[in-house]
Amino acid sequence: MSLLFCLFFAIQTLSTEGEIFLLLNGDSDSITFSSYRLTNPDRIVLEADSEFHESAEAIGEMVQSVKKSEKNGLTRFIFYVEPETQYTILNRKNIIIVGFSRHIFANNIEFEPLYSGFIDKRNQELMAKKQAEEARLAEMERIEEEKRLAEEKRVAEEKRIAEEKRIAEEKRIAEEKRIAEEKRIAEEKRIAEEKRIAEEKRIAEEKLLAEEKRIAEEKRIAEEKRIAEEKRIAEEKRLAEEKRIAEEKRVAEEKRLAEEKRLAEEKRIAEEKRLAEERSRIEKKKAVATENGEVRSLKVVKAEKEKPLSETMAHLPVKKLERKGHLKNIFFRRFPEFSRITVEADGDIDYQFREIIGGFVIDVNNFAKVPKRLLNIIDARAFKAEVTYIYPQKTDENRLKIYIKTKDGMAVRKSEDGRFINFDFFKPTLEE
């Protein structure tokens, strides 16, 4: 029990090709944290509104020492690092993974593979310590047994000198008891070993069955989601086809009515022209002769108002496009003491936050679709804020990088509010 206790409450580490990652487990369901860099000496500060049971200790070459403190429900880790050491932070619910490297983290680092590596390493360490503890207990039992046998032999030898016959009989009885005791101990050890092996097999079998059940459940859920998505797409196609057919019928009806109206208008104009010619012919017969020629009586006709273009054109429907995908919006707000970038999204998102030259970058790995309207550069210089530029960039179908250019020496704090994830940038103050 003490070995498990020590391993759980020590900071867990994982090294991969010149990079060191630390695993921190918090008590809160969702952690709000902030991080920033300090110099003289070089150190990285991580503050979170949760309690952590990990003990502070040295990690490796890049992280020379760790200082942990707690105050008013806030836990602060100060990592004393080598100069120019870069860092990155990955967070999901109550787990924070902090990575350190001598170079800038240029590639995407996903949460799940790293967390699985920590779990595998912890299980290996637990197994090694358990085996060492079992070997130590066996050795102690062997030494105690040897001491007991030596004491029995000494007592038997003293009694033999005083009374050889009685000692011989007692020695025989003692030898029989010793053999029986050894057989009993050997039998108890054999039974205990069989129980231990059976228990390990049972636990392994339960783990295997649980893993198979989990995989089957994940497959079932994935299949249900796929079928639901296919039904939704089919329903959307059906509704779109019905809407298109109805629109074509409406346009055809409007064209038919417009054509009938045009033919009626042409017929009316032809009839008016015929009547005008008839009146002109009649009036010409009644014309009065003058010196300049014939003068006919003229009829004053009032000009008709010209119809606007909107009345003569067919009505065209306006189709409203639907937005798809899990990323809803990206906001920027300026507060008196910090600047806030808010990502509005549906469901949990898998992201990596890291420091780069001149600012920070947030790598989001599991968006189904990123709207093009959210890929514009946000210029925040007019606000005279801690953040100067925000540049979202889509790398492939489901990955989004949000580059954030900030002023020098900025710190960042992450928090969640429902579907909103906030990143606050501010000038840090360290209270020792």
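Excluding ligands, DNA and RNA, the accessible surface per residue across the stretch 40-151 is 56 Å² with a 1.4 Å probe. The label-point distance for Glu236 and Lys147, in a model that sets each label 7 Å from Cα toward Cβ, rounds to 7.7 nm. Cα centroid separation, the stretch 188-204 to the stretch 215-242: 48 Å. Listed by chain and number, the aspartates and glutamates whose C-alpha is less than 17 Å from the C-alpha of Lys171, apart from same-chain residues fewer than 8 away, are Glu151, Glu152, Glu157, Glu158, Glu163, Glu181, Glu182. As a fraction of the 1.4 Å probe accessible area of the stretch 33-177, surface on carbon and sulfur atoms comes out at 52 percent.
Spacing of the modelled spin labels on Arg160 and Arg190, each 7 Å from Cα toward Cβ, amounts to 3.0 nm. The mean sequence distance of close C-alpha pairs (under 8 Å, at least 6 residues apart), as a share of the length of the stretch 66-185, puts its relative contact order at 10 percent. By the rule of a C-alpha distance below 15 Å, with chain neighbours fewer than 8 residues away ignored, the aspartates and glutamates paired with Lys405 are Glu355, Asp363, Asp379, Glu386, Asp424. Full extension of the segment from Glu247 to Glu51, taken as 0.36 nm per residue of separation minus the current Cα-Cα distance, would add 64.4 nm. The simple Förster model, with R0 at 25 Å and r as the Cβ-Cβ distance, assigns Glu229 and Asp417 a FRET efficiency of 0.30. With the gyration tensor restricted to C-alpha atoms of the stretch 81-128, the semi-axes of the equivalent ellipsoid amount to 23, 15, 10 Å, longest first. The label-point distance for Leu375 and Glu218, in a model that sets each label 7 Å from Cα toward Cβ, rounds to 3.0 nm.
Taking a threshold of 23 Å on the Cα-Cα distance, which of the pairs Lys121/Lys195; Lys147/Lys189; Lys225/Lys328; Lys219/Lys401; Lys71/Lys129; Lys93/Lys427 fall above it? Violating the 23 Å Cα-Cα cut-off are Lys121/Lys195; Lys219/Lys401; Lys71/Lys129; Lys93/Lys427.
Per-residue extension of 0.36 nm, minus the Cα-Cα distance of Leu74 and Leu208, leaves a gain of 44.3 nm for this segment. Take the stretch 155-201 with all the other protein chains still there, run a 1.4 Å probe, and you get 84 Å² of accessible area per residue.
The values are calculated or read from the model by the stated rules, or taken from the named source; none is laboratory data. If you're wondering where the values come from, they're calculated on a predicted model, not measured in any experiment. Positions of Cβ are generated from backbone atoms using ideal geometry, with glycine treated the same way; all protein chains shown enter the neighbour counts. Just so you know, the surface numbers come from the protein's heavy atoms only, side chains and all, with ligands and any DNA or RNA stripped out. Shrake-Rupley method; radii C 1.70, N 1.55, O 1.52, S 1.80 Å.
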